[in-house]
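Novice: Mind looking over this structure? Questions follow.
Just so it is clear, none of the values below were taken in a lab; they were calculated from the coordinates. These numbers were taken from a predicted model, which means no experiment stands behind them. Positions of Cβ are generated from backbone atoms using ideal geometry, with glycine treated the same way; all protein chains shown enter the neighbour counts.
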Amino acid sequence: MCGLLLVTGLALLGVGARDAAYATRLAGTPGTFRVLYADRAYGDGRSSGGFRMVWHGTFTSADGRVTDDDAVLRDESDGHRPNARLPVTRAGAGTYYTARPNYALGWLTLALAGGSLVATAFPLLRFGGAYRHPGRPGPRRFRTGLRVAWGCTAACGAVALLAAVVA
């Protein structure tokens, strides 16, 4: 069980950190996406089901060196207007991330939640045997680490809820 918790935490940490880097423009090629038209696609993108918006348009990097006339942005938002210019980051050929604070905060929250799971699972795997015997308490740093990890998890949940309400 602790191994599954550790693997899940590492996966969330990796995906969240990578996508947060793109959403904050720390990685990739920053630029603007100009909306030409939109389509609704079923089960497209990161989710397995349901409709989501697919925006077609052009991408121009901030320095003007990279352009893509057939750019496609998969975005949950459906309020973009034709000719609107959106801040995005190009992660690779055909992969674009919306570069707005609420997206960056969401990905950062996912990374922090993954880190909290790792911080919870690692000591359990390392020192877990000490808690199987009621007369033998575990190390003090283990109890403090668990409190901090669960506090971080609660903070991540609160920030994610706040970001979802504000967005």
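Novice: Taking the highest mean first, how do the peptides 102-111, 2-11 order by number of other beta carbon atoms within 10 angstrom per residue?
Specialist: 102-111, 2-11
Novice: With labels modelled as points extended 7 Å from the Cα through the Cβ direction, what inter-label distance (nm, one decimal) is found for CYS2 paired with LEU36?
Specialist: 5.5
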